[in-house]
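A quick write-up on the structure given underneath.
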Amino acid sequence: MRIGSSKDLKNKTLNSLGQISAASDWRGAGELADADAPRLKALHQLMLAAEDYDADALLDVNYTEEILPRAEYPGAAPLKRVCATAVAVKLKSA
C-alpha cells in the first residue's frame, strides 16, 4: 500500500475509487501513554478499508479528532478518537 500526496504520484495514471475514512478506538481524552498510537491505529484501519476496495494507494491522508462529551456522567472525562480520511486510488497498468 502506497501512501502519499497527489503530487507524489503525478507521473502515475490513477483511477480514483473515492474518499474513505476510518477511526481509532475511543479512549479517555486525558490518556497520553503513546500520543502517536491513535493516529497509527486510524491509519492501519484506513489501510484495511482501502484493501477492501482493492486500492493500491492512499492519497492526501488527513487526521481529525472527534470528542464525545459524557453528559450522562457529570465530571467524567470526555472520550476521544482519531479519524483518518484519504482518497483511495487504483494504479493503472501501463
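Identify all residues within region 41-57 that are part of a helix (DSSP H, G or I) and either under 11 Å from ALA86 (Cβ atoms) or among the aliphatic types (A, V, I, L, M) (or both); write none if there are none.
Passing the criteria: ALA42, LEU43, LEU46, MET47, LEU48, ALA49, ALA50.
Among the numbered conditions (1) hydrophobic (A, V, I, L, M, F, W, C); (2) outside any loop (DSSP other than H, G, I, E, B); (3) modelled with pLDDT of 80 or more, tell me where ALA77 comes up short.
Status for ALA77: all satisfied but (2).
Looking at (1) closer than 24 Å to ASP36 by Cα; (2) in contact with a Ser or Thr (Cβ under 9 Å, 6 or more places away or on another chain), which is the only condition LYS92 fails?
(1)
Return yes when GLU65 is free of Cβ contacts under 8 Å to residues at least 24 places away in the same chain, more than 10 Å from the chain's Cα centre (by Cα) and not in a loop (DSSP other than H, G, I, E, B) and no when it is not.
Spelling it out, GLU65 is indeed free of Cβ contacts under 8 Å to residues at least 24 places away in the same chain, more than 10 Å from the chain's Cα centre (by Cα) and not in a loop (DSSP other than H, G, I, E, B).
Does GLY4 fit the bill of being open to solvent by less than 90 Å² (accessible area, probe 1.4 Å), over 21 Å from LYS92 (Cβ atoms) and modelled with pLDDT under 90?
No; evaluated as a whole, the condition is false for this residue.
Which ones in region 28-40 are in contact with a strand residue (DSSP E or B) (Cβ under 6 Å, 6 or more places away or on another chain) and either in a strand (DSSP E or B) or open to solvent by less than 100 Å² (accessible area, probe 1.4 Å) (or both)?
Within region 28-40, ALA29, PRO38 meet the criteria.
Given the options LEU79, LEU43, name the one that is touching a Gly at 6+ places or on another chain (Cβ under 9 Å) and not basic (Lys, Arg).
LEU79
Consider region 41-85. How many of its residues are buried (at least 16 other Cβ atoms within 10 Å of the Cβ), small (Gly, Ala, Ser) and under 22 Å from ARG27 (Cβ atoms)?
Qualifying residue count for the region: 3.
The values are calculated or read from the model by the stated rules, or taken from the named source; none is laboratory data. Owing to the predicted nature of the structure, the values given are computational and were not obtained by experimental measurement. Note that we place each Cβ from the backbone using ideal geometry, even for glycine, and neighbour counts take in every protein chain shown. The area values use the complete protein model at the heavy-atom level, side chains included, leaving out ligands, DNA and RNA. Shrake-Rupley method; radii C 1.70, N 1.55, O 1.52, S 1.80 Å.
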